[in-house]
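The numbers here are math on the coordinates, done by the rules we state, and not lab data. Keep in mind that what you see is a predicted model, and the values were worked out from it rather than measured. All Cβ positions, even for glycine, are placed from backbone atoms using ideal geometry, and neighbour counts span all protein chains on display.
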């Protein structure tokens, strides 16, 4: 079978799976949705491994099928998460000339903005100001100038994915890899459902991060690339982990660039003072079990084995910080550096960050998906596809507890890492 026909068949199969997603989730529960996601992940991996002998025709099939998947997901109601309604609300608040970090949605001062389409679905409406950083807020404001609706947010985020895909194609060309590898992102079920389907702002963060890597590694504009990565972190902070891949030893100008970009981004919102940190500083860590340690899968497993120790949360976070710092220093001070090596280093840091912090919500795993195209690893595939285990949308369907599911996911990622190490140690094995 020719590469184009193979990709066409795989693309049709992947699109059908996306079309079946919501009906199967509602009718058969979260486990059926997980099975569909696993099948979709296999299709994306097979497509990414297709030999790139058809050039632009193969790329057109990949982009076209990816767009078809997203058009199907756009029509799905945001039932996996209600975050998108807060996005629209924050944009509406700014449109009224009010700082989004000043009031909780239920505050009487914002009563005139309440409607039946957005306000009733806002999470934490009566006790939490917004948690989203300034670049995300600017995005919400701009999109809601066109339409204050969840669909507008989702369409804008799909447009951001266009930037991500263009950056990935540029990085694939730079590193001499087949352009068909972009299918690993374009057809991966996680961005299809979590960006086009649920409208998570991670789509903006990923676009800015990958644009920054392309600017720095492919175009040679390291400072512009670093600024783009910082802006990505001001949409969602985890993106900062990509910066060491752009840094050169003792380049203090790049170090100084980070607080300057942050200060400029926060400047329009400083009328609330320290309140610009929003719910992130006033309760999010407690609510998600980060302060108590119950939100970390590895720490929970430790406690189940040996019991809870004094200050074990602080010790665990310190160990995580040391591991991530060592990885960042190894990346930043690497002497023999190529674009492919930098992408692999960044990918390794991202997978380790997500493995150690074990976020409860699958959409936090989105930032690892683009690297399946340019620096794929088995743990990355297992983490991002297996992340569908964390869904618990349908009440009452037969499913393991969250603790059990998150432990299984952690075990699978660790096993995948061991397999990856053994494969790399085999002599004569090429990429």
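Annotations
- Annotation: the residues 188, 311, sorted from fewest to most other C-beta atoms within 10 Å of their own C-beta, follow the order 311, 188.
- Applying 1/(1 + (r/R0)^6) with r as the Cβ-Cβ distance of residue 20 and residue 281 and R0 = 35 angstrom yields a FRET efficiency of 0.25.
- With all pairs of different C-alpha atoms in the average, the Kirkwood value for the hydrodynamic radius of the range 27-72 is 12.2 Å.
- Prolate/oblate/rounded label for the range 88-131 (Cα gyration tensor, a/c 1.5): rounded
- Computed on the chain, with alpha-carbon pairs under 8 angstrom and 6+ residues apart, the relative contact order is 19 percent.
- Cα Rg over Rh - the range 368-431, Kirkwood: 1.11
- Diffusion coefficient, µm² s⁻¹, Stokes-Einstein with Kirkwood Rh over alpha-carbon pairs of the range 123-194 at 20 °C and 1.002 mPa s: 147 µm²/s
- The range 331-412: relative contact order as a whole-number percent, Cα under 8 Å and 6+ apart: 28 percent
- Using just its DSSP H runs of length 4 or more, each adding -39500 (n - 2.57), the chain gives a mean residue ellipticity at 222 nm of -19000 deg cm²/dmol after division by all residues.
- Where labels lie 7 Å past Cα in the beta-carbon direction, separation of residue 114 and residue 52 in nm: 5.4 nm
- Only Cα sites of the chain enter the Debye sum here, all with the same form factor; the resulting log10 I(q)/I(0) across q = 0.08, 0.12 1/Å is -0.44, -1.07, listed in q order.
- Cα gyration tensor category, rounded, prolate or oblate, for the range 224-356 with a/c compared to 1.5: oblate
- The overall shape of the range 295-415, judged from the alpha-carbon gyration tensor, is oblate: a/c is not under 1.5, and a/b is no greater than b/c.
- Cα-projected label distance for residue 334 with residue 219, points at 7 Å along beta-carbon direction, nm: 2.3 nm
- FRET efficiency for residue 9 and residue 35, using Cβ-Cβ distance with R0 set to 22 Å, rounded to 0.05: 0.65
- Seen from every direction in turn and averaged, the convex hull around the alpha carbons of the range 96-246 projects onto 9.9 nm².
- Taken along its principal axes, the alpha carbon cloud of the range 238-310 reaches lengths of 47, 37, 19 Å, longest axis first.
- 5 Å binning of all Cα-Cα separations within the range 176-294, expressed as whole percents from 0 upward: 2, 10, 14, 17, 18, 16, 13, 7, 2, 1
- Theoretical gain in end-to-end length, residue 288 to residue 68 [0.36 nm per residue, Cα-Cα removed]: 75.7 nm
- Where only C-alpha atoms are counted, convex hull volume of the range 38-136 per residue in Å³: 154 Å³
- Rounded to whole Å, the principal axis extents of the Cα atoms in the range 316-362 read 35, 24, 8, largest first.
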